[in-house]
Amino acid sequence: MTTPAEKAIAAGLDPNRIPKHIAIIMDGNGRWAKERGLSRLAGHIQGYSTVRTVVEAAVDFGVQALTLYTFSSENWNRPKEEVEGIMRLIAEAARKELDDLMKQGVRLIVSGRLSELPEDVQDSLACDMERTRQNSVMTLNLAVNYGGRREIVDAVQNIAALVAKGELAPEDIDDKVIAENLYTPQLPDPDMLIRTAGELRVSNFLLWQIAYTEIWVTQDLWPDFTRDDFIRAISDYQKRIRKFGKTADQV
Ligand code: FPP
């Protein structure tokens, strides 16, 4: 059996500098479909196929966590047909992928306001989360009905409630307390953020967590994104010097 380190080396990557956590803004499904005269939903269906490719590649190279921006809190404003199609796709994918998640040792978690999702989507995601709870090869975090500002609002409300109950003093609120009250306290901050389809913005994604994240943008549309593109992104990440506010000589 080939280990993740061997697979990374075979792909030309340094196995000791694989990003622990990669976050992805999967953009361009609509444009991909439009270029082909297809419905926007056809673009999302093709995008789902890219999700499978990238999850497999991430597992292969030993990435520990992968966060995918699947549906934002603002995406509800899209045409009803598209929203319903994406919800159906998420529910179906959750049902279809469970076996593969188990085989790959992937734990599924979901971040966002889940109680606002259609019940069948909640149920199928909850089922996968429960069944994959003990898997430890990689964590796949789907951001669904997710908004970065909302996440911070929700964290502030939790913290304020602790203060009101006398369980926390205001002066004890620090970075750690805020991070612990975000949706995914169990995940480290992303080392790298990949965005497809060329836009140079963060679109309300992981606003707190990406403070020192390395950003990599490609013009490729998400449905066209390949395993080689993923390798290219990691390879570029491995050439960067992460300074965290220090000088290049200090790090
Ligand atoms: C952005 O492209 C993509 C989305 C809002 C949906 C992402 C969903 C998937 C990739 C499919 C389902 C995924 C899983 C995990 C089951 P866009 O529609 O904004 O593209 P555009 O900017 O070209 O219009």
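Here, each number is a calculation from the coordinates, and none is a lab measurement. A quick note: this is a predicted structure, and the numbers were derived from the prediction, not measured. Glycine also receives a Cβ, built like all others from the backbone with ideal geometry; neighbour counts cover every protein chain displayed.
With viscosity set to 1.306 mPa s at 10 °C, what whole-number translational diffusion coefficient in µm²/s follows for the stretch 1-43 from Stokes-Einstein and a Kirkwood radius over Cα pairs? This corresponds to a translational diffusion coefficient of 120 µm²/s. Normalised radius of gyration (Cα atoms, divided by 2.2 N^0.38 Å) for the stretch 48-94: 1.38.
Here is the list for the stretch 155-250: GluC sites (Glu not before Pro) lying in DSSP coil, each with at most 14 other C-beta atoms within 10 angstrom of its C-beta, are E167, E199. Neighbour counts of other Cβ atoms within 10 Å put S235, S72, S115 in the fewest-to-most order S115, S235, S72. Note on the stretch 189-251: along the principal axes its Cα atoms extend 40, 26, 17 Å, ordered by decreasing extent.
Give me the mean projected area, in nm² to one decimal, of the convex hull enclosing the Cα positions of the stretch 104-251.
Working: hull surface 48.3 nm².
Computing the convex hull of the Cα atoms and averaging its projections yields 12.1 nm².
For the stretch 140-188, the equivalent ellipsoid derived from the alpha-carbon gyration tensor has semi-axes of 22, 12, 8 Å in decreasing order. Relative contact order of the chain, taken over Cα pairs closer than 8 Å and 6 or more residues apart, is 27 percent. Here the stretch 88-184 is treated as a sphere whose radius is the Kirkwood value from Cα pairs; by Stokes-Einstein at 10 °C and 1.306 mPa s it diffuses with a coefficient of 106 µm²/s.
Can you give the translational diffusion coefficient of the stretch 11-130 in µm²/s, computed by Stokes-Einstein from the Kirkwood radius over Cα pairs at 37 °C and 0.692 mPa s?
Working: Rh = 15.6 Å.
For these conditions, the coefficient is 210 µm²/s.
Using the Kirkwood formula over every pair of different C-alpha atoms, what hydrodynamic radius in Å results for the chain? Taking the inverse mean of 1/r over all distinct Cα pairs, the chain comes out at 19.2 Å. Taking the chain as the region of interest, the number of lysine pairs whose Cα atoms are within less than 25 Å, with members eight or more places apart or on different chains, is 13.
Could you give the longest part of the chain that holds none of the trypsin sites (Lys or Arg not before Pro) found in DSSP loops with at most 16 neighbouring Cβ atoms within 10 Å?
Details: sites that count: K20, R36, R113, R133, K165, R201, K239, R240, R242, K243, K246.
Here the longest segment lacking exposed loop sites spans 37-112.
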